[in-house]
Amino acid sequence: MTARGLFITLEGVDGAGKSTHAGWLVDAIRASGRTVLATREPGGTPLGERLRELVLHEPMHLETETLLMFAGRCEHVRTVIEPALASGAWVVCDRYTDATYAYQGGGRELGAERIAALEQWMQPGLQPDRTWLFDVPPEVARQRLSASRDPDRFEREAGAFFERVRAAYHARAQAQPRRLHIIDGSRSVDEVRAQLEAELRALLESAQ
Ligand code: ADP
Ligand code: MG
């Protein structure tokens with residue numbers, strides 16, 4: 001029987017450094033001889049990408065937004081993530097359920113309880129094997145984001161929103177320290193990469 005692949009997620013606010021490190025991470029996993037799938041949320045399926053456009057740009061209630069995040073995730077888990085993991089592939093996903101706890105739960109102040117109920121209903125038993133949380137102060141993230149880009153519904157939020165997002169991410173990391181590792185993303189790209197490389201090496205060895 002093929003060993004199940006590892007499920008890795010990257011978390012943190014826009015500008016924290018997820019995309020900067022996703023590419024070489026995927027390449028490094030592939031270079032170890034594994035099949036690897038890079039994907040993202042919201043998105044990851046044709047339906048999910050259409051839902052992404054809606055949640056990023058269409059005004060809606062918080063409950064609607066939360067349900068759409070889980071609707072997209074449901075499709076993503078069932079058609080992409082689970083089959084890939086079952087086939088032995090590793091999956092690297094740019095944002096996952098921790099982001100719902102952080103943005104809708106923390107940033108938009110829905111709280112964790114209803115998200116936990118949706119998570120339990122939709123994906124019982126599926127947790128990432130490793131989550132790297134790129135942690136930067138909101139002002140650092142904001143400075144890094146290009147001013148030329150039109151901000152989406154989340155990027156338009158004020159500083160206090162991102163402080164709540166960050167606090168909710170930290171609460172997740174505190175509750176699940178073995179899975180969710182905080183990466184100080186305010187250091188240089190090289191320093192961040194060196195830490196991730198060491199952690200990835202350990203993961204690859206543990207999964208042999
Ligand atoms: P995310 O995918 O988390 O939104 P990105 O990886 O796209 O963030 O990074 C946002 C911007 O910040 C990019 O222009 C990137 O080059 C820059 N950046 C990423 N990490 C660092 C870092 N450690 N130091 C300085 N700039 C960085
Ligand atoms: Mg990105």
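The values are calculated or read from the model by the stated rules, or taken from the named source; none is laboratory data. Predicted model, so just to flag it, every value in this text is computed and none were measured. Neighbour counts run over all protein chains shown; Cβ positions are idealised from the backbone, glycine included. Protein only, heavy atoms only, side chains kept; ligands, DNA and RNA dropped before computing areas. Shrake-Rupley method; radii C 1.70, N 1.55, O 1.52, S 1.80 Å.
Of Pro124, Pro138, which residue is surrounded by fewer than 17 Cβ atoms within 10 Å (Cβ to Cβ) and at pLDDT below 95?
None of the others qualify; the one that does is Pro124.
Examine the range 52-73 for a residue that is in contact with a strand residue (DSSP E or B) (Cβ under 7 Å, 6 or more places away or on another chain), among the β-branched types (Val, Ile, Thr) and modelled with pLDDT of 95 or more, and state whether such a residue exists.
no
Tally up the residues in the range 169-206 that are away from ligand 2 (no atom under 16 Å from the Cβ), open to solvent by 20 Å² or more (accessible area, probe 1.4 Å) and in a helix (DSSP H, G or I), please.
17
Regarding the range 58-68, can at least one residue be identified that is closer than 19 Å to Val92 by Cβ, outside any helix (DSSP H, G or I), touching a residue at least 40 places away in the same chain (Cβ under 8 Å) and touching a Lys or Arg at 6+ places or on another chain (Cβ under 8 Å)?
no
Here is a check on your reading of the model: is Gly5 within 16 Å of ligand 2 (Cβ to nearest atom) and buried (at least 21 other Cβ atoms within 10 Å of the Cβ)?
Against the criterion (within 16 Å of ligand 2 (Cβ to nearest atom) and buried (at least 21 other Cβ atoms within 10 Å of the Cβ)), Gly5 does not qualify.
Do you know which residues across the range 113-148 are free of Cβ contacts under 8 Å to residues at least 40 places away in the same chain, over 29 Å from Ile29 (Cα atoms) and away from ligand 2 (no atom under 16 Å from the Cβ)?
Within the range 113-148, Glu113, Ala116, Ala117, Gln120, Trp121, Glu139, Ala147 meet the criteria.
Do you know which residues across the range 23-35 are open to solvent by 20 Å² or more (accessible area, probe 1.4 Å) and either modelled with pLDDT under 95 or within 16 Å of Arg130 (Cα to Cα) (or both)?
Selection gives Ala28 alone.
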